[in-house]
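Data block below; observations after.
Nothing in this text is a laboratory measurement; each read-out follows from the coordinates by a stated rule. Just so it is clear, the model here is predicted, and its values are computed rather than measured. Virtual Cβ from ideal backbone geometry, glycine too; neighbours counted across all protein chains shown.
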Amino acid sequence: MRAAKRAVSEFLRHLRDHDEPALRARATCLIPSEAVRDARLRYVDPPRTIAIATIDSLVTHYAAGHLNADSLYTRTPDTDPEVESRFQSVREWGRRANTVRAARRAAARSAEGVAGTPSDGPVKPCLSVRAHVMVQYAGPAVGPDRIERDMVLRLLRAPGGPWIVYAFDLASDPPGPIPF
C-alpha cells in the first residue's frame, strides 16, 4: 500500500510540474495536464488482484460490445427516437474498451524488465488500486476562476514491477462496470 501511495504522489508531482516525458513513462492513458495547477492525494482504496487472463477476456468482451453498439448506432436513422441512447451506448462501450486496453498495456509495461516475465506480460495476478485525488485546473481553457475536480487514478502493477496509471477519470463519471 505504501508503494502505491508513493507512486501516486510521484505521479501527481509530475502532473503539477507538467513533466510530459515522466507522465508518458508512468501512464498508458491520456493525461490532460496543460491546465493542471495543483493535484493532491485524498486516499487510496485497498488493492485488488486481477489476473491477466481476466483483463484479456474483458478486452475481448468490451471490444465486441463496442463493435455491436457502433453497428446498431450506424444503422439507426437520424429520425429514430433511440438515436441518442444508442450514441451514448457507443460512447460507454468505447470508454470501457479503451480502459481495459490501457490496463493490458499497463500490465505489460509494469512487467518489462522483471526477471522471469514472458514478453507478452506477467503470468501471475497483478495488483490494482484506485487513488482518489483532487485536481485544480486553471488557465485560458478553464476561464478566470480555478476549478477543482475529484478524480480517480487507476493503477496496475505486475509482480515485481512499478505502478502504472491506466485510467484518469472524473469520480462522478467512471468508465462503467470494470472490476478493478
Report ³J(HN,Hα) in whole Hz for each residue of segment 152-165, in order, from the Karplus equation J = 6.51 cos²θ - 1.76 cosθ + 1.60 where θ = phi - 60°; Gly and Pro get x. 10, 9, 10, 10, 9, 9, 6, x, x, x, x, 6, 10, 7
May I ask for the Kirkwood hydrodynamic radius of segment 25-114, worked out over all distinct Cα pairs and given in angstroms to one decimal? 15.9
Computed, not fitted: 222 nm per-residue ellipticity of the chain from DSSP H runs ≥ 4 (each -39500 (n - 2.57)), nearest 500, equal to -14000 deg cm²/dmol
Among 28, 76, 147, whose Cα lies farthest out toward the positive end of the dipole of the chain, if unit charges sit on the beta carbon of Lys, Arg (+1) and Asp, Glu (-1)? 28
So if each residue of separation counts as 0.36 nm, and I subtract the Cα-Cα distance between residue 85 and residue 149, what length gain in nm does that give? 20.4 nm
At each listed q (0.17, 0.24, 0.27 Å⁻¹), what is the log10 of I(q)/I(0) that the Debye formula gives for segment 138-180 modelled as equal alpha-carbon point scatterers? -0.65, -0.88, -0.97
Given Cβ point charges of +1 (Lys, Arg) and -1 (Asp, Glu) and nothing else, what value in debye, to the nearest 20, does the dipole of the chain about its Cα centre take? 840
Run through all the Cα pairs of the chain and give the fraction in each 10 Å bin from 0, expressed as whole percent. 10, 33, 32, 19, 6, 0
Across segment 51-60, in residue order, what do the Karplus-derived ³J(HN,Hα) couplings come to in whole Hz, using 6.51 cos²θ - 1.76 cosθ + 1.60 with θ = phi - 60° and x for Gly and Pro? 7, 4, 4, 5, 4, 4, 5, 5, 4, 5
